[in-house]
Amino acid sequence: MNLTVVAGRLVRPCALRELNDGHRVLSLEVSPSGPEDRGSASVPVAWLDPPSTAETLDVGDEVVVVGRVHRRFFRAGGATQSRTEVSADLVVRARQRSRVRRALTEAASSLDDLIASPTG
């Protein structure tokens, strides 16, 4: 199972762009905020088709991201390049404690289901 949770502050303005297929992608940069994360690099996050309220996120906002680690490949300057990022399923402001708790409970439940399955 591919599951990740990142908690931290937004360190760049969010960038919303529309793809050729009509989907929208919100790009975020989150700097982890735990004591073990001091000096660590920011984590790029891509959120496909976010709700319109996501556009109000701003630099300095504390957020919790639940999603999957994803590596994508693309052509740039005539060469193939890659980028590892988090594909967000949900981004919640950290101050919304009940929403954060619910998101983390659902993530933990999916892990419990995996462990309990006969193939897990």
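The values are calculated or read from the model by the stated rules, or taken from the named source; none is laboratory data. What you see is a predicted model; the values in this text were computed from it and never measured. A quick note on method: Cβ atoms are made from the backbone with ideal geometry, for glycine too, and the neighbour counts reach across all protein chains shown.
Quick notes on this one:
- Qualifying residue in the range 1-10 (condition: surrounded by fewer than 11 Cβ atoms within 10 Å (Cβ to Cβ) and closer than 29 Å to Leu111 by Cβ): yes
- Strands (runs of 3 or more DSSP E) enclosed by the range 1-79 - at least 3 residues per element that are out of contact with any Asp or Glu (no Cβ under 9 Å at 6 or more places or on another chain) and without any contact (Cβ under 8 Å) to a residue 12 or more places away in the chain: 62-76
- Considering the range 80-96, the residues that are over 13 Å from the mean Cα position of the chain (by Cα) and assigned to a strand (DSSP E or B) include one that is modelled with the lowest pLDDT, namely Arg83.
- Here Arg99 meets the list (1) without any contact (Cβ under 8 Å) to a residue 40 or more places away in the chain; (2) among the charged types (D, E, K, R); (3) assigned to a strand (DSSP E or B) almost entirely, failing just condition (3).
- Test result for Pro50, surrounded by 12 or more Cβ atoms within 10 Å (Cβ to Cβ), more than 17 Å from Asn2 (Cα to Cα) and either of a type outside the set (A, V, I, L, M, F, W, C) or at pLDDT below 90 (or both): yes
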